[in-house]
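Report on one structure; see the data block that follows.
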Amino acid sequence: MSNIQVLLVAGTHGNEINAPWVFDQWAQNQDLIDRYGLKVIPVIGNPLALQKGQRYVDRDLNRSFYPDLLNSLNSSDLEIARAKNLVDLYGPNSNNASQIAIDFHSTTACMGSSLVIYGRRPADLAIVSLIQNRIGLPVYLHEGDPLQKGFLVEAWPCGFVVEIGPVPQMSLNSRIVRQTLLTLKICLEEISKSIDLRSSFPQKLIVHRHLKSIDFPRDSSGKPIAYIHRDLEARDWHPIENGSPIFEDLKGDVIRLSDNSFKDKVFPVFINEAAYAEKNIAMCFTQREVWNFDNSWKDAFYELINS
């Protein structure tokens, strides 16, 4: 068995129940998922929120791993305490350290299955390259948003998020369960192959780099005055350009994309994501980029898993 340990997290948001259900079934039947000789720690990120069927209790756990919050002494927020607990138990400086963290989520947006990374850590780029090369999942590179930070996987040397949708919150869905299970198995298999030096790294990595998020149009009281345009609804990952309709109202008035910083087509994601309503986000815009695979990513990943 390798010395590498993988932390698998489900239920970071308590109203996303499909991955926790898979973990529960796995706990009852250890043969359900092949660990490929890896040390694997499956945990529920936010057990109390899962029990309550809420996204969180006091604050979003997946925004609670920012160093200033982890180092705070006086916070009474349940999620900050849970973030500290997870880092103390399985963080890189703990007695039971995990080197890789994979955080399983579901989304109400029509994004299918995708991978999310935060920033450009070489080991992260290497591992998502392997998975994209294996099953073709899109990679959302979330960076450059000062309002969105403190994500769970950033607290580990290597990590990424698996997003699977669409599925309503608190809804157990056969397709989402099976996609979660398939992606989990492939992640573990690809990590195992890397340890045995059997990985096949691609020549290219396709990323959708985060550009900005936008809110719904609102009136002076803060209420939305328009909804996602019918041509854009459920069209995550499909390109649009300046002039494309993005919102409409009941009178038929249309609001079109108009952003001088967009010089080319952009790709909306998390369109009408229910969980983002509280964050005043109607959708996120990304730019599709094709990067040459950099061998330094592989070197960083190999150094991590062989340390």
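Residues that are farther than 18 Å from GLU163 by Cα, hydrophobic (A, V, I, L, M, F, W, C) and in a helix (DSSP H, G or I) within segment 173-209 comprise ILE191, ILE195, listed in sequence order.
Restricting attention to segment 1-22, which residues are of a type in the set (S, T, N, Q) and part of a loop (DSSP other than H, G, I, E, B)? Spell out how you get there, then give the answer.
Going residue by residue through segment 1-22, those that are of a type in the set (S, T, N, Q) are 2-3, 5, 12, 15, 18.
Passing the criteria: SER2, ASN3, THR12, ASN15.
For every residue, the table says whether it meets (1) aliphatic (A, V, I, L, M); (2) touching a Pro at 6+ places or on another chain (Cβ under 7 Å).
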{"residue": "ILE214", "(1), (2)": "yes, no"}
{"residue": "GLY243", "(1), (2)": "no, no"}
{"residue": "ASN272", "(1), (2)": "no, no"}
{"residue": "LYS279", "(1), (2)": "no, no"}
{"residue": "MET283", "(1), (2)": "yes, yes"}
{"residue": "ASP299", "(1), (2)": "no, no"}
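Every listed requirement among (1) under 20 Å from ARG35 (Cα atoms); (2) surrounded by fewer than 17 Cβ atoms within 10 Å (Cβ to Cβ); (3) at pLDDT 95 or above is met by VAL161 save one, (2). Selection of segment 191-207 for residues being farther than 12 Å from LEU137 by Cβ and surrounded by 15 or more Cβ atoms within 10 Å (Cβ to Cβ) yields ILE191, SER192, LYS193, SER194, ILE195, SER199, PHE201. Inspect all residues belonging to segment 40-48 and state whether any of them is assigned to a helix (DSSP H, G or I), assigned by TED's automatic domain parsing to the domain that holds TRP156 and farther than 17 Å from PRO168 by Cα. Yes: one or more hits.
Residues that are within 17 Å of CYS284 (Cβ to Cβ) and outside any loop (DSSP other than H, G, I, E, B) within segment 228-251 comprise ILE228, ILE240, ILE246, PHE247, listed in sequence order.
For ASN85, indicate whether it is of a type outside the set (Ser, Thr, Tyr) and at pLDDT below 95. Here the answer is no, as ASN85 does not meet what is asked.
May I ask you to verify whether ILE17 is aliphatic (A, V, I, L, M), over 28 Å from GLU273 (Cα atoms) and touching a Ser or Thr at 6+ places or on another chain (Cβ under 9 Å)? It would help to see each step written out before you state the result.
Working: aliphatic (A, V, I, L, M): yes; over 28 Å from GLU273 (Cα atoms): no; touching a Ser or Thr at 6+ places or on another chain (Cβ under 9 Å): yes.
When the stated conditions are applied, ILE17 does not pass them.
The values are calculated or read from the model by the stated rules, or taken from the named source; none is laboratory data. Bear in mind the structure is a predicted one, so any value in this text is a computation, not a measurement. All Cβ positions, glycine included, derive from the backbone under ideal geometry; neighbour counts span all protein chains shown.
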